[in-house]
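Bear in mind these aren't lab numbers, they're just calculated from the coordinates by the rules spelled out. This structure is a prediction, so every number in the text was calculated from the model and none was measured. Don't worry about glycine lacking a Cβ; one is built from the backbone with ideal geometry, like all the others, and counts go over all protein chains shown.
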Amino acid sequence: MKRLENKCVLITGGTSGIGAETARLFAEEGARVVITGRSVQKGQALAKSLGNSVEFFEADVSDEEQIRSSIEHTKKELGKIDVLFNNAGGPADAPLDRITQEDIDKGVRLLLSSVMLGTRYVIEPMKENGGGVIINNSSIAGLRYRQGGLIYSALKAAVTHFTKMSGIELGPFNIRVNSISPAAIATPIFYGGSERANTLSDEENQRKMKKLESNLAKAVPLGRSGYPRDVAEGALYLASDAGQFVTSHDLIIDAGRSSMFYEPNA
């Protein structure tokens with residue numbers, strides 16, 4: 001028996017990186033999956049490559065109506081929603097002495113409101129189904145200093161705490177809510193984002209990725225870079241029956257990075 005046999009899943013930000021790898025793994029484990037994102041061409045191509053059990057739905061998580069529509073679409077097409085992975089995100093930063101209201105609003109919509117509203121709109125479908133699983137992609141930037149920009153870090157800390165609080169409130173409905181806090185993971189976002197990566201040659205992308213992997217490996221006790229598959233495996237545990245007694249928990253996937261002592265002059 002595959003670990004997600006007959007499960008129906010919605011993954012936001014599913015067209016690249018962690019979201020795409022999670023969609024791939026969940027489909028391998030028997031789930032039917034809807035991935036969302038803003039890039040129609042990329043999303044459709046990925047869904048096609050992953051087979052008939054994965055489909056793409058265009059949605060921008062910074063827009064409340066599009067969040068609601070993606071959940072309604074998933075329920076309509078798949079019949080139910082067993083798992084929601086609030087994965088979509090991206091950079092949000094500004095120097096402390098230059099932060100504007102626009103910077104804050106943009107970050108909140110992308111990183112925090114998307115999680116809160118995704119949770120809000122999936123509650124009723126999950127109640128109707130007798131329960132479900134919500135997984136929120138957070139970050140070790142929300143746990144300690146110098147793992148991300150100021151706005152990004154503050155909002156990820158909020159995501160982690162929101163996860164714990166909503167897990168308590170939704171527990172009586174058999175809805176488990178957990179978060180994942182990865183360290184930096186080797187994806188194109190760290191050298192300009194997936195859109196810029198698409199403009200580079202395969203050789204240039206490979207060169208930049210190898211350099212990124214080398215740098216990330218030096219930053220953790222295990223001495224290797226983290227990959228989207230590492231996070232996808234954590235999401236699989238939380239989504240499957242193996243994690244059925246786990247809720248309001250933040251699963252740290254960082255090769256020990258968050259346990260290291262930071263020396264300001266290092």
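Just a few scattered comments:
- Helix 114-128 axis, angle to the chain major axis (alpha carbon atoms, nearest 10°): 20 degrees
- Computed from Cα positions, the angle between helix 17-28 and the longest principal axis of the chain comes to roughly 40 degrees.
- Max mean-square fluctuation residue, GNM over the chain, Cα-Cα springs under 10 Å, options S225, S201, S49: S201
- Taking each of K42/K76; K2/K80; K106/K218 in turn, the alpha-carbon distance tops 25 angstrom for K106/K218.
- Applying both filters, DSSP loop and at most 10 other Cβ atoms within 10 Å, to the trypsin sites (Lys or Arg not before Pro) of region 61-118 eliminates every site.
- Amide H contacts of I252 (H built 1.01 Å from N, in plane; Pro and chain starts excluded): S181 sit under 5 Å, all sequence-distant by 5 or more or on other chains.
- Listed by chain and number, the lysines whose alpha-carbon sits under 17 Å from that of K75, ignoring those within fewer than 8 places in the same chain, are K7, K127.
- Euclidean distance between Cα centres, region 5-26 to region 114-155, Å: 15 Å
- Within a Gaussian network of the chain (alpha carbon springs, distance under 10 Å), most fluctuating of D105, D97, D254: D97
- Against the chain, whose longest principal axis is taken from its Cα atoms, helix 64-78 shows a tilt of about 50°.
- Base-10 log of normalised Debye intensity for the chain (one unit scatterer per alpha-carbon) at q = 0.11, 0.12, 0.13 Å⁻¹: -0.58, -0.70, -0.83
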